[in-house]
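K.L.:
Next up is a structure, given as structure tokens.
The values are calculated or read from the model by the stated rules, or taken from the named source; none is laboratory data. Owing to the predicted nature of the structure, the values given are computational and were not obtained by experimental measurement. Cβ placement follows ideal geometry from the backbone for every residue including glycine, while neighbour counts extend to all protein chains displayed.
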Amino acid sequence: MTPDVKAFFDPDTFTVSYVVSDPTSLSAAIIDPVLDYDAKSGRTDTRNADALIAWVREQGLKVAWILETHVHADHLSAAVYLREKLGGEIAIGAGVPLVQQTFKTLFNEGDDFPIDGSQFDVLLGDNELIALGNMEGRVLYTPGHTPACASYIFGDVAFVGDTLFMPDYGTARCDFPGGDARTLYASIRRILDLPSGTRLFTCHDYGTDERDFAWESTVAEQRAGNIHVNDAVGVDDFIKMRESRDATLAMPQLILPAVQINMRAGHMPSVEDNGLSYLKIPLNGI
């Protein structure tokens, strides 16, 4: 079956969130939603999430899932806010405790922060099937960018998170804690082994001088033309390229606030005795 897909682009973080739905039952999943965050003031806002909510309600959709492809480092998740407004279960790949363990140490979280993924409603296993009305989705583990990345396949579409970008942008970085270029190559080959007409939706795009922002490609287009990992590129060449390129990249602007929120499934840190919640900035930690 072919699901309906609606994209929501946030130009502040260059993030694409999606609503995928079964056209017969109107059951829907929200993928990688954005919570607006002003780093200068430390204030959050729900502008992006509210636009998504308005569209879901206008279409008469029933949200069954709020799916995260990974613990994002470039935007905060609006999953908790969306669950409060629309329902649905917040889910992520079952490898998320590996990420939580690493960042619990970095942020010196206390014993009240469990590293078992229990902040999420559901942890999804590789090749696990998830119901979306009359459609069935499948979880595909695609680690490498992080150790807990997962892609979601519904009918003839796949949501690949940060694993692949548009063909002219290439692939995700692998220098975050737990990332690995060899693992990413193997994950990408899993995606590229899907049927050639499978539509691939990526989580970010940055535009170019020659084109506007875009986020949809096909397996065939990626295999033929991805500048980092087309069919002519072997694993050793990919690793050499990816590791040398990653060494030149700065950390994402929002990595420190984003990871603290996203490893909690979008929950804020516990409120302190003055009624405020706080984020930590580890000095010289990454």
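K.L.:
Which members of segment 129-157 meet the condition of being in contact with a Leu (Cβ under 9 Å, 6 or more places away or on another chain), part of a strand (DSSP E or B) and in contact (Cβ under 8 Å) with a residue 60 or more places away in the chain?
P.N.:
Once the filter is applied, which keeps residues that are in contact with a Leu (Cβ under 9 Å, 6 or more places away or on another chain), part of a strand (DSSP E or B) and in contact (Cβ under 8 Å) with a residue 60 or more places away in the chain, segment 129-157 yields ILE130, GLY137, ALA150, SER151, TYR152, PHE154, VAL157.
K.L.:
Given the options TYR169, TYR185, name the one that is out of contact with any Leu (no Cβ under 8 Å at 6 or more places or on another chain) and under 23 Å from LYS6 (Cα atoms).
P.N.:
Of the residues listed, the single one that is out of contact with any Leu (no Cβ under 8 Å at 6 or more places or on another chain) and under 23 Å from LYS6 (Cα atoms) is TYR169.
K.L.:
Now for a separate question. If you take just the helices (runs of 4 or more DSSP H) that sit entirely in segment 27-113, which of them hold at least 3 residues that are loosely packed, with under 15 Cβ neighbours inside 10 Å and at pLDDT 95 or above? Break it down stepwise before answering.
P.N.:
Working: elements: 47-59, 79-86, 96-106.
Result: 47-59.
K.L.:
Further, regarding this structure: Go through (1) farther than 21 Å from LEU76 by Cβ; (2) at pLDDT below 95; (3) not charged (D, E, K, R) and name the single condition GLY178 misses.
P.N.:
(1)
K.L.:
Follow-up. Looking only at segment 184-205, decide whether some residue is of a type in the set (Gly, Ala, Ser) and at pLDDT below 95.
P.N.:
Just the residues of segment 184-205 that are of a type in the set (Gly, Ala, Ser), to begin with: 186-187, 196-197.
Remaining after also requiring at pLDDT below 95: none.
There is no residue in segment 184-205 that is of a type in the set (Gly, Ala, Ser) and at pLDDT below 95.
K.L.:
Which residue, of ASN262, ASN274, is touching a His at 6+ places or on another chain (Cβ under 8 Å) and polar (S, T, N, Q)?
P.N.:
Only one candidate qualifies: ASN262.
K.L.:
While we're looking at this one, here's another question. Here are GLY170, GLY117, GLY93: which of them is touching a residue at least 12 places away in the same chain (Cβ under 8 Å), more than 24 Å from ALA250 (Cβ to Cβ) and out of contact with any helix residue (DSSP H, G or I) (no Cβ under 8 Å at 6 or more places or on another chain)?
P.N.:
Values: GLY170 fails: more than 24 Å from ALA250 (Cβ to Cβ); GLY117 fails: out of contact with any helix residue (DSSP H, G or I) (no Cβ under 8 Å at 6 or more places or on another chain).
Matching residue, one of GLY170, GLY117, GLY93: GLY93.
K.L.:
Only one residue in TYR141, TYR152 is within 26 Å of ARG83 (Cβ to Cβ) and in contact with a Cys (Cβ under 8 Å, 6 or more places away or on another chain). Which one?
P.N.:
Unique residue meeting the criteria: TYR141.
K.L.:
If you go through segment 212-264, how many residues are among the acidic types (Asp, Glu) and either more than 20 Å from PRO195 (Cα to Cα) or modelled with pLDDT under 95 (or both)?
P.N.:
Summing the residues that are among the acidic types (Asp, Glu) and either more than 20 Å from PRO195 (Cα to Cα) or modelled with pLDDT under 95 (or both) in segment 212-264 gives 5.
K.L.:
For segment 147-162, what are the residues that are surrounded by 24 or more Cβ atoms within 10 Å (Cβ to Cβ), modelled with pLDDT of 95 or more and in contact with a Pro (Cβ under 9 Å, 6 or more places away or on another chain)?
P.N.:
CYS149, ALA150
K.L.:
What helices (runs of 4 or more DSSP H) completely inside segment 188-286 contain at least 2 residues that are under 26 Å from PRO177 (Cβ atoms) and within 22 Å of the chain's Cα centre (by Cα)? So that I can check it myself, show each step before the final result.
P.N.:
On the way: elements: 219-225, 235-246, 255-262.
Result: 235-246, 255-262.
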